[in-house]
Every structure is written in structure tokens, then in C-alpha cells.
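Trainee: Once you've had a glance at the structure underneath, I'll fire off some questions.
No value in this document is a laboratory result; all are computed from the given coordinates. Computed from a predicted model, the values in this text were never measured in an experiment. For neighbour counting, all protein chains shown are included, and Cβ atoms are generated from backbone atoms with ideal geometry for every residue, glycine included.
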Amino acid sequence: MNDTPEAPTTIGARIRSCRRYRGMTLETLAGLPGLSKGFLSMVENGQRRMDRRSHLEAVADALQVSITDLTGQPYKPTNRAQARSLAAIPAIRAAILNIAFDERPDLPARPIVALRLAADDVETAREAAAHASYASLLPDLIQELHVHAADSGSDARTALAALVGAYRSAFVLSKDLGYVDLAWIAADRAMQAAERLDDPAWSAFGGFYRANALLSAGARSRARQVAERAADAAAGQLGQAQVMPVYGILHLASALTAVSSNDTGAVDAHIDEAVEIAGRTGETNAFHLHFGPTNVAVWRVSIAVERGDGGKAPEIMRGVDTSVLGSGRRRAQFLTDLGRGLAQARGKDPQALAALREAERLAPELGPVLGLDHTGGVRPSCGCFGW
């Protein structure tokens, strides 16, 4: 007979367990901005949703635990595809940790043309949220690209650009599966590869992913600093075509990270700048960021949810066709945010559930990320980061 108590299975139950372990009362925890004792009690008992990432971060900080302690990450697989992706994590971790940019791996590598095509296929699969189809390919791809990146020939630059995409895919995969620390390492490697390309657009893109990883780890203030500094650096290079969309998305990232500080002026200023830039670029897909008027609207929904104004999502999205984004993963993330937003409005739970179910239909491998917790509550997400 196993007398070991079962681990808490919901965010609310984990909050209660950690709070009691710390010997903290609900009254003490309720001293956090925007979190009343009544609200926290209902969250712990599964009657209310903890659907704002900034609130979850504040609770984790007060309880002196990590975000993952409250979200239950890494997630357990709910289907065979997720299980295959999870099985690849140890090899991905070993490949990343065993390589440095100033070292040439002692192993054979395919020609750079073949590796470039393989890297493109991985990025296509990532956009479709088909993690299981590329997860096992990443260890060899990363190591072989490092072989070419360490050479002094003309293939080095091609290898570095492909490495940015490969590490980006490792970041997205790790983040979606709940391996936050590995996601941070992968994002940092993507930033290192981007910096070695010595190009303003690539540097801005690397800054976006560093901010992305910091937000995933709950370091919201630092993420804002990184995103704003990267945007400031890119501002002087807007004459280059590929810089402008990255600059625009950095402002959206800055807006999202500024919400928790209640800096309304900064949030609105960043959104306004992104809107203005999107009006100049139109719909683009530089670096697979899908920046343009449509994605600005999608980010505004995520920002509204973080502000607690998720009920405004239908108004924000009126007349916007998300099919132009061309990414099943991106549309699924939007539908998740839409569901979270509708859940914040009274009487909109059926519509919220419909949005979440559609998200799961578009990206079935992302069930643990996009789905519901065991109480029917919507899991907090990282907003639009990761795209």
C-alpha cells in the first residue's frame, strides 16, 4: 500500500501546498497587488482562475518558489507525440551543453547545403507545432552546424544563421514542454550565434529571444530591460528592411513585460510605436516573426489579458483575419489568449472553452501548454513570446 500523498495537480492546489509549507496565511499572501484574500482562496479551491502571468510570478516570488513549482513543469505527456518529443530532451540537453562556439566538434558533418535544408525543414515543423517530427533531429543538426560554424570558410556564416533557427527551435520545444532552464540555455545560444553574424537585424532578433527566455523564467523586469535596449539599438538601423519588423515586435515584447509594473504610459507608448511600424511594413515574415497589423492585434489581445481586460479581445480582433499569419502554432497561441481573455468576462465561459478547444485542434501536441487545468481554469501562458 502506498501511503505517499499525491502531488497537487492544479495551480491553485500547488499554491496552497507551497503557502502552507512556508507557514504563510492567506492574509499575508493577499498583500500582493491585485490579489485579495477572497480571490486567492477561490484560486486555491479551484473556483477561480489564476490567468495572469504577472500574478503567478508575484505569488511564486512571495512563496520563494519557482514558476515551475506552481505550474507543474515540465509537463507530463498527454499523447504519443508529446512523449516522443519528451524522449528527445536528454539528447538535446547533452548536445547543447557539450558544445561551445569557440570549439570545433570532433565529428563528421553533412555538407552545409544539406544542413541548411534540414534546418529549414525543422523551422517549418516548429511553425506547425509538429514538435515530435523534429525533436530527435536537433542534437545532430546542432552539432553538425557547429562544425561548419567553427571553420573560417564561407560556410561559417550560413551555419551561424542556421544555428540561430536550430537553437530557436530547441528553445520553443523546451519551453512548450516545460523545461524552462533548458529553454533559457537554448535562447542564449541563439543570441550568441546571432551576435556572431554582426548584423543589426540578427542582433535585434537575438535580443528578442533573450527577452523571451527571461520572461519564460519569470524575470519580467530583466526581460523588459533587454527588449527595450534591443529596440533602442535597432532604432538607428530602421533603413535596413529586416530591422524594422524586429524593431516592431521588440516594442510589443516591451509592452507585454511592462504590464506588471502598472506603467500604463509605457505600455501604450510601446503599442503605439508597434502599430505605427506595422503600418509601414504591412504583413511580413522576416525571421518567421509574422510581424504586421494582424500580429500587432494578436499581441494586443495578449497584453489586454495581462492587464485583466481580456473581455476586450473580440473588439480588438474585429475585422482581423488571423489566417494570414501562416503559422498553426501562432494561431493556436492566439486562440489560447482569446480563451483566457473571454474567461475574464462574465458569462463568456462557453466561448472561452470553444477557443481553447480550437487551439488544441490546431496544435494537438501543445495540449499541456494550451489546454485547461483540472479545474477547468485556463493556464497562464507567456503571452505572445516564442514566435
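Trainee: With just the Cα atoms of the stretch 162-307, tell me how far they stretch along each of the three principal axes, in Å, largest first.
Mentor: Principal-axis extents of the stretch 162-307 (Cα, largest first): 33, 33, 23 Å.
Trainee: Among LEU107, LEU160, VAL180, pick out the residue whose Cα is farthest towards the positive end of the charge dipole of the stretch 40-183, where Lys and Arg carry +1 and Asp and Glu carry -1 on C-beta, about the Cα centre.
Mentor: So the residue we want is VAL180.
Trainee: Continuing with the same structure: Relative contact order for the stretch 11-69: what percent, with Cα pairs under 8 Å and sequence separation of 6 or more?
Mentor: The value is 39 percent.
Trainee: Sort 238-251, 199-212 for me by packing, meaning the mean count of neighbouring Cβ atoms within 10 Å per residue, highest on top.
Mentor: Ranked by mean Cβ neighbours within 10 Å, highest first: 199-212, 238-251.
Trainee: Among ASN295, LEU145, VAL226, which residue has its Cα positioned farthest towards the positive end of the charge dipole of the chain, with +1 placed on the Cβ of Lys and Arg, -1 on the Cβ of Asp and Glu, and the dipole taken about the Cα centre?
Mentor: About the Cα centre, the residue reaching furthest to the positive side is ASN295.
Trainee: Let me ask something else about it. Exactly which GluC sites (Glu not before Pro) in the stretch 263-292 are in a DSSP loop and have at most 15 other Cβ atoms within 10 Å?
Mentor: GLU283
Trainee: Taking the Cα centre of the chain as origin, work out the dipole magnitude from +1 charges on Lys and Arg Cβ and -1 charges on Asp and Glu Cβ, in debye rounded to 20.
Mentor: My answer is approximately 1100 debye.
Trainee: Continuing with this model, one more query. Take the Cα of ARG357, step 7 Å along the line toward its Cβ, and report every residue of the stretch 296-318 whose backbone nitrogen sits under 20 Å from that point.
Mentor: Once the point is set 7 Å along Cα→Cβ of ARG357, 314 turn out to lie under 20 Å by backbone N, inside the stretch 296-318.
Trainee: State, to one decimal in nm, how far the label point of ASP140 lies from the label point of ARG110, with both points 7 Å from Cα in the Cβ direction.
Mentor: Going from the ASP140 label point to the ARG110 one covers 0.7 nm.
Trainee: About the Cα centre of the stretch 79-198, how large is the charge dipole given +1 on each Lys and Arg Cβ and -1 on each Asp and Glu Cβ? Please answer in debye to the nearest 20.
Mentor: With only Lys, Arg, Asp and Glu charged at Cβ, the dipole is about 360 debye.
Trainee: In what sequence, highest mean first, do 162-171, 43-52, 344-353 appear when ranked by Cβ atoms within 10 angstrom?
Mentor: 162-171, 43-52, 344-353
Trainee: I'd like to verify something in the chain: which complete DSSP H helices, judged by Cα projection on the helix axis, reach 18 Å or more and average at least -1.0 on the Kyte-Doolittle scale?
Mentor: Correct list, ordered by number: 112-127, 155-177, 180-196, 200-216, 220-235, 243-258, 264-281, 293-307, 328-343, 349-362.
Trainee: Turning to a different aspect of this structure: In nm, to one decimal, how far is the modelled label at ARG346 from the one at ASP263, with both set 7 Å along Cα→Cβ?
Mentor: Here the modelled spin labels are 3.4 nm apart.
Trainee: For the stretch 187-342, what does the relative contact order come out to in percent, with C-alpha contacts under 8 Å and a separation of six or more?
Mentor: 16 percent
Trainee: Figure the gain on full extension for ASP181 and GLN64 (residue separation times 0.36 nm, minus the Cα-Cα span) and round it to one decimal in nm.
Mentor: Difference between extended and current length: 40.4 nm.
Trainee: Now, a different point. Please give the residues of the stretch 125-164, grouped as numeric ranges, whose backbone N is less than 15 Å from a label point set 7 Å along the Cα-to-Cβ vector of ASP102.
Mentor: Flagged as within label range: 150.
Trainee: Let me ask something else. State to the nearest 20 debye the size of the charge dipole of the stretch 11-69 about its Cα centre, where the only charges are +1 on K and R beta carbons and -1 on D and E beta carbons.
Mentor: 160 debye
Trainee: Using 7 Å Cα-to-Cβ label points, what is the ARG48/ARG280 separation (nm, one decimal)?
Mentor: Once both label points are built, they end up 4.3 nm from each other.
Trainee: What relative contact order, as a whole-number percentage, does the chain give when Cα pairs under 8 Å and 6 or more residues apart are counted?
Mentor: Relative contact order, the chain: 15 percent.
Trainee: Related question: Hey, of (i) 22.5; (ii) 20.8; (iii) 21.4, which did the structure itself give for Kirkwood radius over Cα pairs in Å when calculated?
Mentor: (iii)
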